[in-house]
Structure formats: structure tokens, C-alpha cells
Amino acid sequence: MPSYKVVIGENELPRTWYNVLPDLPEPLPPPLKPDGTPAKPEDLEAIFPKEIVRQEVSLERFVPIPEEVLEAYRLWRPTPLVRAYRLERALKTPAEIYYKYEGVSPPGSHKPNTAVAQAYYNVKEGVERLTTETGAGQWGSALAFATNLFGLKCTIYMVRVSYEQKPYRRVLMQLWGAEVVPSPSTRTSFGRKVLEQDPDNPGSLGIAISEAIEDAVTHPNTKYSLGSVLNHVLLHQTIVGQEALKQMELIDRFPDYVIGCIGGGSNYAGLAYPFYYVKKMGKAPVDTRFVAVEPTAAPSTTKGVYTYDHGDTARLTPLLKMYSLGHDFVPPPIHAGGLRYHGKAPSLSLLIHKGEFGSVAYDQVEVFKAAEVFTRAEGFVPAPESAHAIKAVIDLALEAKRKGERKVILFNLSGHGLLDLKAYDEYLSGTLKPYEYPKEEVEKSIEKLFELYPWLKNMQGS
């Protein structure tokens, strides 16, 4: 019988990140400028260091991890692969359930896998301060941790509703020396504009991104750092999946299903892409299925449109080909704050669009019910974001039970929920309500996008 917990030694840490771009079913559509012409890599150097830009567009399949980054990773990596025996027994399922536990990092999530790399590359190029946005606070705390490691200053624009719901995330960021600003704020011209139109605006990741980018481009020795969506971020996260490949090989298992939650897409891609590579190369012993899970409150891949759109509300970023709800999307104040982004990573969007990856959506009440089942069985309290993956895992395990199939299910437990207990309190008290974002609101936002860029409508279907 496989061991309960599989941990490889630090000497077995992967020495490269895996880049999915060479192995996509077709070339990734390039970022575009507002006039429809392709954005050049050097256009991104106003906000990112040169090495990050190089990684963003690189077709190099395996990218070496610098020794300084590996040294930082060793604070918490490798992370354990755990078989959820108790959950299997609770569900009475013949399925084997495994999870890669990223909650053991100092910030408690997968996010420092890229934060550390980005901080390192910025320091190497003489940057003194980084700006960023954060929703639930997972990314903000990871970047605060990483900038503290490498001696950088850090300014974080935190979505206002999460700033108010999750004060302890803010405290964590401040402990690592970061400045935390509720967004929309009066610190930027775009933030002031938003507040003039709506003083009670709860904020969104799109607004916070706009503020962070504006801050970066208007101050010297300052760059912007992003925690999801872009290729270089997903690249850094693949250390998760590469470790998991080694660990499953040790116990002679390969997953029938690879599951993860998606906000921008980085934690799921980080686990799934190395397994996708094995399948793509024809070396997978089973026909692995990939399932991404999102909230019904921000259903980019299940209700959104696969189109070019901006990554931020102020339209400061290039247009990316991705599943989108519209860049003006302001999500409801649900508790899965890290999954409330309007778009999805372009590479993940392409894989879903081509049918190589699947996606499902759940409302927050059924997600928290699944989290309670997991917590009672396994003991760990999952982050609300990760609980979306758990809901899908439970559904698949029960399906295996009905069919009498011994499926192997792997998911990313991308963070712990010990700083999200207010959300669990609302769930237990019955005040947490389900919410489904209306399809007609998506259609309105996308129509406005097409009005902004008439040429874009003609590209649909291409």
C-alpha cells in the first residue's frame, strides 16, 4: 500500500521549470495593442525586468532555476504529496485521492513559487521597489515574503472587499515589511476616478492591477509584479507538478484526473502542465483528464467569451486572448477572493478552448460544504479557493463509487484556510449565500469591449 505522505529530498528538487508554450495544440495568440497590432516584448519592459519578459515569450521547453531561487525554495520545498485515506473512507469510494499540499510555505500557499523568482530577477536588474495587486491576500503575502527575502520594498493594492474581510492577510504582509493599500484608492489617478464614480466600490482585481501598474510606471526604480495569468508566472509554478510527478512515480501511480481551482490559472497550471507534457509525449499510462474549477460568481471559462481583452480595468495592459467576463467586471463580495478575476491565463484558455482541458463551476455554499467534509476527514482546513477543487474531487470520487472504478485523483491543495475562518464562520452560521453571475452581464461587458475595438468582433471564431 502506498505511504500516507510522500516527500522527496531537497537534493531531488527540480532544477528546471517546464514551459508549456512549445507543446500547446497551436501557437499562443500574441498580445495585441489597442490598434490590433502585436505588442512587442520590449513594450513589456516598462513594467517587468528583461529576464521576466524573455521568459514570457520564450519557447524554451525547460528553463533553468537559478541557484539563489532554489536556495529560497528550500525553506519549504519539496512539499508533501498526501494520500487522503480518511476522505476516501468517509466517501466509501474505491478511488484513490492524492493532494499536493502547498500550504506548508511561509505565506501558506503556492504563490511564493513565482514571487521568489520574480523578486530575484528584479533585484538582479537593480529594481528597488515592486508594486502589485492582491485579491484574497494570498499573492500579496507571497510577494511581501519574497521582497523581504531579497531586500526590496513592496506596495500592495488589495481589493477593498478582501482588505475588509481578511485583515490578518494585511497584517501578514505588513509583518514582512510591505505597504498595503485598499483598492480603489486615492493613491492613483485611476483609483480616484473610480471612487468619484462610486465611493462605495468594493474593488476588483482589474482595478487593483490598474492602480499597481500606474504606480510602477510613474515612479523610478519600480517595477510591477503579477501573481497569475501570464506565461512566466505559470512557468514558475510548474515546480509543483514536477515534484508531484516524481512523488507519484515513487508509489507507482499516475492520475486519471488532475484537478485544481482557477482564478487566473497559475496554481492549477503549475500542477497540471507537467502531467500534460507526459500525456502529450505519449508517455502517460492512462488517458488523464484535466479539470479546472471556478466559482459560479466569476465563471470566466464556463460563461465567459474566448476573446482578446485587457487584463485590467483601466486598459493599461495589452489585450490577451483568453476567456473573459469583460475587463470592467466587478465581482460580488464572495469569500473565494483569489478566484474573482475576470480573465484566465491565455495558455490555459487555449487548452480549454481546444477541449484538452475541461472546466466546471460551483457556488460558494456547495464549495464550503465540500471543505467541511474534507476538514472533518483530513483535519486540514483548506483555503476557500482550494475548496473548489475539493468539491470536484468529491464529485468524481462519488462517481467512481457508483461505477465501482478505482480511479486515481490528484488535486492541488494550494493553500490553507487558517486566515479565512471568517468565511467558514459565515458558512457555519448559515449566512453564506450562493451566487451565480448572470450571463446577460457577461454579454453586456463583451459588447462594450467590441464597441471599444470594432476590429475585435471580426476576429471572433479565429
Report the trypsin sites (Lys or Arg not before Pro) located in segment 249-293 that are in a DSSP loop and have at most 11 other Cβ atoms inside 10 Å of their Cβ, or state none.
-> Lys283
Env charge @ Arg340, Cβ radius under 13 Å, K,R +1 / D,E -1, value 0
How about segment 218-293: which chymotrypsin sites (Phe, Trp or Tyr not before Pro) there lie in a loop by DSSP and see at most 14 other Cβ atoms within 10 Å?
-> none
Estimated [θ] at 222 nm from DSSP helical runs (n ≥ 4, -39500 (n - 2.57)) normalised by residues in the chain, nearest 500 | -12500 deg cm²/dmol
Here the net charge surrounding Arg83, from other residues whose Cβ is less than 15 Å away from its Cβ (Lys, Arg +1; Asp, Glu -1), is +1
How big, in percent, is the set of alpha carbon pairs in segment 257-319 lying more than 18 Å apart?
-> 52 percent
For segment 143-210 and segment 402-427, what is the separation of their Cα centres, given in Å?
-> 27 Å
Treat every Asp and Glu Cβ in the chain as -1 and every Lys and Arg Cβ as +1, leave all other atoms uncharged, and give the resulting dipole magnitude about the Cα centre to the nearest 20 debye.
-> 980 debye
Extension length gain for Glu12 and Ala46 (0.36 nm per residue less Cα distance), in nm, is 8.6 nm
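Could you give the length gained by full extension between Arg402 and Ala90, i.e. 0.36 nm per residue of separation minus their alpha carbon distance, to one decimal place?
110.8 nm
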How far is the Cα center of segment 214-281 from the Cα center of segment 294-332, in Å?
-> 20 Å
Residues of segment 417-438 with amide N under 12 Å of a point placed 7 Å along Cα→Cβ from Glu366 = 434-436
Between beta-carbons, use under 14 Å as the cut-off and find the net charge around Lys193, counting Lys and Arg +1, Asp and Glu -1.
-> -3
Using only Cα atoms, what is the ratio of the radius of gyration of segment 15-121 to 2.2 N^0.38 Å?
-> 1.46
Can you give me the P(r) profile for the chain? Cα pairs, bins 10 angstrom wide beginning at 0, each as a whole percent.
-> 4, 22, 34, 27, 10, 1, 0
Quick calc, Lys354 & Trp455: beta-carbon distance into FRET formula, R0 35 Å, rounding 0.05, result 0.90
Rg and Dmax of segment 239-366, using alpha carbons, in Å: what are they?
-> 15.5, 49
Förster radius 35 Å - calculated FRET efficiency between Glu436 and Val57, Cβ distance, rounded to 0.05 = 0.40
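No value in this document is a laboratory result; all are computed from the given coordinates. All values derive from a computational prediction rather than experimental measurement. Note that each Cβ is placed from the backbone with ideal geometry, even for glycine, and that neighbours are counted across all protein chains shown.
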